[in-house]
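Engineer: Shown below is the structure under consideration.
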Amino acid sequence: MTDALLDRWNALLARCGATADPEPYGRDLLARWAEPQRRYHAVGHLRAVLDHVDALAPLAADADAVRLAAWFHDAVYRPDRSENEERSAQLAVRALREAGLAEESVQEVARLVRLTAGHDCAAGDRNGEVLCDADLAILGSAPERYAAYAAEVREEYAFVPEDAFRAGRAAILRQLLALPALYRTAQARDRFDAAARTNLASELSRLES
């Protein structure tokens, strides 16, 4: 799997105008995504988000910028810290500048990475909509896959006592269920919204039982 992902990265960075060899950057990113503290936010999540971005690519203003942001959006991930998205954005700026990408592209990737902190993109932000929908697609997966995702998240937060985890996770689920739209693109809404709301409500019920 990682060899195929590395090939995708190399081709992507070449398309985006890199003047440096893309492979060392790709290997560094894949090593980050394979860190031992990760259960859900691991290489499988990266591949899934990239696949969803590919499916939604015609809706983006710059699909390759969205793909780059997908690679970096959880590149820095420590479950016990709150600044992961900001640190991931800073990593993207350093790496992509060093690789020789245009500054406009670098800044767009960093902006998109920061968006994933709250998935709150402005109306008409086509790149942001595609990235956020791809990142949240897991919520609308089949029930057994959603259950595995929820279990993986719990493993990442194993250091949090059960009562505190249940309260915090329930608050997040209620916030998501209160949103008028979980997904911004019509394609993602049609495919994922109903299943996502069912999955979220079921998990919330389990947490509150």
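The values are calculated or read from the model by the stated rules, or taken from the named source; none is laboratory data. Note that the structure is a prediction, hence the values are computed from the model and not measured. Using ideal geometry, Cβ is built from the backbone for each residue, glycine included, and neighbour counts are taken over all protein chains shown. The accessibility values were calculated without ligands, DNA or RNA, using every heavy atom of the protein model including side chains. Shrake-Rupley method; radii C 1.70, N 1.55, O 1.52, S 1.80 Å.
Engineer: List the GluC sites (Glu not before Pro) within region 1-88 that DSSP assigns to loop and that have no more than 15 neighbouring Cβ atoms inside 10 Å.
Structural biologist: Counting only loop positions with at most 15 other Cβ atoms within 10 Å, the GluC sites (Glu not before Pro) in region 1-88 are E83.
Engineer: Assigning unit charges at the beta carbon (Lys, Arg +1; Asp, Glu -1) and nothing else, what dipole magnitude in debye, to the nearest 20, does the chain show about its Cα centre?
Structural biologist: Details: 26 positive and 34 negative charges, 69 e Å.
That gives the chain a dipole magnitude of about 340 debye.
Engineer: Ranking request for peptides 124-136, 2-14, 69-81: highest mean number of other beta-carbon atoms within 10 Å first, then the rest in descending order.
Structural biologist: Details: 124-136: 22.9, 2-14: 15.4, 69-81: 21.4.
Ranking the peptides 124-136, 2-14, 69-81 by packing returns 124-136, 69-81, 2-14.
Engineer: While we're on this one: Quick check: convex hull over the Cα atoms of region 134-209, volume per residue in Å³, rounded to an integer?
Structural biologist: Details: hull volume 6.3 nm³, N = 76.
Spread over its residues, the Cα hull of region 134-209 gives 83 Å³ apiece.
Engineer: Now, a different point. So what's region 24-113 giving for Cα Rg divided by 2.2 N^0.38 Å, two decimals?
Structural biologist: 1.04
Engineer: Within region 78-170, what whole-number % of the accessible surface is contributed by carbon and sulfur, with the 1.4 Å probe and all protein chains included in the calculation?
Structural biologist: 51 percent
Engineer: For A147 paired with D21, estimate the spin-label separation in nm (one decimal), with each label point 7 Å from Cα along the Cα-to-Cβ line.
Structural biologist: My value for the distance between the label points is 4.7 nm.
Engineer: Related question: Would you mind computing, in nm to one decimal, how far apart the modelled labels at D28 and N10 are, each placed 7 Å from Cα along Cα→Cβ?
Structural biologist: 1.8 nm
Engineer: Output the relative contact order of the chain, whole-number percent, from Cα pairs under 8 angstrom with separation of 6+ residues.
Structural biologist: Relative contact order comes out at 20 percent.
Engineer: Okay, moving on. Compute the angle between helix 84-99 and the longest alpha-carbon principal axis of the chain, please, reported from 0 to 90 degrees and rounded to the nearest 10.
Structural biologist: 10 degrees
Engineer: How many nm is it between the label spots at L179 and D3, if each spot is 7 Å from the Cα in line with the beta carbon?
Structural biologist: Roughly 3.7 nm, to one decimal.
Engineer: Regarding region 93-172, what's the average projected area of the Cα-atom convex hull, expressed in nm²?
Structural biologist: Values: hull surface 30.0 nm².
For region 93-172, averaging the hull's shadow over all directions gives 7.5 nm².
Engineer: Provide the convex hull volume over Cα atoms per residue for the chain, in Å³. Kindly include the intermediate steps, with their values, before the conclusion.
Structural biologist: Working: hull volume 23.3 nm³, N = 209.
Given the Cα convex hull of the chain, per-residue volume reads 112 Å³.
Engineer: Compute the distance from the alpha-carbon center of region 163-188 to that of region 26-59, in whole Å.
Structural biologist: 21 Å
Engineer: To the nearest 10 degrees, how steep is helix 2-15 against the longest Cα principal axis of the chain, on a 0 to 90 scale?
Structural biologist: Helix 2-15 and the main axis of the chain meet at about 50 degrees.
Engineer: Quick one: helix 162-178 against the long Cα principal axis of the chain, what's the angle to the nearest 10°, folded into 0 to 90?
Structural biologist: Once rounded, one gets 80 degrees.
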